[in-house]
Amino acid sequence: MPTFEIGEQDFLLDERPVQLVSGALHYFRVHPDQWADRIRKARLMGLNTIETYVAWNFHAPDPGTFHLDGRHDLGRFLDLVAAEGMHAIVRPGPYICAEWDNGGLPAWLFADGAAGVRRHDPGFLAAIGTYYAQILPVVAERQVTRGGPVLMVQVENEYGAYPGVPAEERARYLRELVDLTRAQGIDVPLFTSDQADDEHLSRGGLPELHKTANFGSRSLERLAVLRRHQPTGPLMCMEFWDGWFDSWGLIHHTTAPETTAQDLDDLLGAGASANLYMFHGGTNLGLTNGANDKGTYLPITTSYDYDAPLSEHGAPTPKYHALKAVIGKHAPVPDEDPTEPAPAPELEVTLPDRVTLADAEHLLAGTTTRTSGLPPTADALRQWTGFVLYRTQVEADDAVVVVDEVRDRALVALDGEPVGVLDRTSHTASVPLPRRAGTLTLLVEDRGRVNYGSRIGEPKGLVGPVRTARRELTAWDATPLRLADAPTRLAAAFAPAPAAAPLAGPSFHRGEFTAHAGTDHLLRLDGWTRGLVWVNGELLGRYSAQTPTRTLYVPGPYLRDGANELVVLELHGAAAARARFVATPDLGPTEA
Ligand code: GLA
């Protein structure tokens, strides 16, 4: 059987030096019917390896569940990598960051305070043991030592950046992860990756594990820093940031292909191995995006295009060609280039059918919990993602509603009439109320769990007391909404809207359009404000009138021949019940 080892100077594949030119491609961000296409395009760029994280909460959305089929079929993904003649690197977390909801950690782990986060904590480690027993056999049987593509496995992720854990506990935690990993039959080399500075590299690893570093510029300087911490063996940039992620409210991030190409040239010229983060970013389909909060909460957009060499819709970009040319200076690359995908079909869709959230609530509602005192968090309701509807009574002289913390955004309404918005990003914690008694509702949206830093694992919903001008509101009804399959639940409730009726949210809108199966589409919702959108029952994700993303990628496999269904949940209001499919993506304004 083949071997893969970390030598004194190089990675050794069957005892021969090998330079890994790898690209990140997250199977959980790409429709499974498109995996083979994206992997092939990676090979055509000259890459010899595919790297993927494993997102624990993607496989285990609820306690007691574990999915390995369809879009969760990591084994099939790795087999496709092997079929393309490529190697694989797997990074199973348990924490992955990755701009993914909660950095991949299942929210249910922390709901009862039962598990510590990223620590040597018995509850956390027991859960990881279960997770590894579920996922790592898939990886183990595909290791190079058993004739498969997997060369190496990462332990944790940028652990050096995680605050608040004493040095001794850090080492015990990482060693425990190593033991749990080895216990599942992983015998290939293990490694850690950290940001390329002394502080992170000295805190993030173990002397016995190979260290790699993450950076996107000043390659030679960063390799020198890594060398201080990894005195022998091959140097590898485990995340060569060739683009960057986008957050709602900000611009679309891009990097100049020439600069990225030069930095990669420096890296490869120095003999280092590299993993392009990302080769192909894909999409935060559904409600899977994470968020950052370093004082201001900034949720990640639905698009994870990342300005990567292969665009979100699978097209080679100028960066693809620039990086291929650089790789070609250091190793043979295929002559063949991928073809440009055809422009997406252009058409207008009207959405004549409608049902308001108020009228649809009974079809979407989970179990209502009644509390006296604090409102329950979303996590206390076992709602790990999406929306919770809170209800209470106010009097005429309550005058204002003030929350301790809203995670992350609430539409406030009095007797169904919108009166304002509570918003974590803008630190808006109060909304004035009309001077009348009535039923106050707060429709609270979890806009994505924080994926980096000390806020990983925090609960969502309303957190802490809610007050008015004269008292604390202590009688709550809290109802989780089941939105993932809303189009099915609402099928019989939709009815044609009167032509002149204004499009006021929160309300669902449905229309049909004609398409060909397998054809990628790009959806524009100009004139709409904010909400969620489904195609043929598949929740694509969030849209917003904010910057940056203007178009949502609709993977071709979601489309079918003939009639297709578009459903939009608009939270606020729209100019007209119309949407457009357009030929090319528009990811928003850039800095330049
Ligand atoms: C770090 C993390 C990745 C990702 C990038 C930014 O390097 O390790 O998971 O979050 O930052 O895209």
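Distances between placed amide hydrogens fall under 5 Å for Thr551 paired with Asp586, all partners being 5 or more residues away or on another chain.
Label zone of Asp187 (point 7 Å out along Cα→Cβ, amide N under 16 Å): in the range 140-157 this covers 140-153. Rounded to the nearest Å, what's the spacing between the alpha carbon centres of the range 401-444 and the range 317-356? Just the number, please. About 42 Å separates the Cα centre of the range 401-444 from the one of the range 317-356. Straight-line cross-link partners of Lys324 among the lysines, defined as a Cα under 16 Å from its Cα and at least 8 positions apart when in the same chain: Lys41.
Straight-distance candidates among the aspartates and glutamates for linking to Lys319, with alpha-carbon spacing under 15 Å and chain neighbours fewer than 8 residues away dropped: Asp242, Glu258, Asp263, Asp265, Asp305, Asp307, Asp337, Glu340. Rounded to the nearest 0.05, what FRET efficiency is calculated for Glu258 and Ala500 with R0 set to 56 Å and r the Cβ-Cβ distance? For R0 = 56 Å, the calculated efficiency reads 0.55. Which of the lysines could be linked to Lys294 by a straight reach, that is with a Cα gap under 18 Å, when you skip same-chain ones fewer than 8 residues away? Lys294 reaches Lys460.
Stretching Arg227 away from Arg482 to a fully extended chain increases their span by 86.7 nm, per 0.36 nm per residue minus the current alpha-carbon distance.
Residues Glu565, Glu168, sorted by accessible area with the largest first, give Glu168, Glu565 [1.4 Å probe; ligands and nucleic acids excluded]. Extension gain, Ala492-Leu68: 0.36 nm per intervening residue step, less the Cα-Cα distance, totals 149.4 nm. Residues whose amide H comes within less than 5 Å of that of Gln230, counting only those at least five positions distant or on another chain, are absent (H built at 1.01 Å from N in the peptide plane).
Peptides 496-503, 99-106 ranked from most to least packed give 99-106, 496-503, packing being the mean of other C-beta atoms within 10 angstrom over each peptide's residues. The residues packed around Ala224, meaning those with a beta-carbon under 13 Å from its beta-carbon, carry a net charge of 0 if Lys and Arg are +1 and Asp and Glu are -1.
Placing dummy labels 7 Å off each Cα toward the beta-carbon, the span from Ala396 to Asp14 is 8.7 nm. Once both labels are positioned 7 Å from their Cα atoms along Cα-to-Cβ, the gap between Glu208 and Arg382 label points is 4.0 nm. Label reach from Gln546 (point 7 Å along Cα→C-beta): in the range 28-64, no amide nitrogen lies under 11 Å. Computed from backbone phi with θ = phi - 60° and the Karplus coefficients 6.51, -1.76 and 1.60, the 3J(HN,Hα) list for the range 58-66 is 6, 7, 10, x, 10, x, x, 9, 7 Hz; x is used for glycine and proline. Ordering of 413-422, 282-291 by packing is 282-291, 413-422, highest average first (other Cβ atoms within 10 Å, averaged per residue).
The values are calculated or read from the model by the stated rules, or taken from the named source; none is laboratory data. Owing to the predicted nature of the structure, the values given are computational and were not obtained by experimental measurement. Positions of Cβ are backbone-derived with ideal geometry, glycine not excepted, and every protein chain shown enters the neighbour counts. Keep in mind that these areas ignore ligands, DNA and RNA; they rest on the heavy atoms of the full protein, side chains included. Shrake-Rupley method; radii C 1.70, N 1.55, O 1.52, S 1.80 Å.
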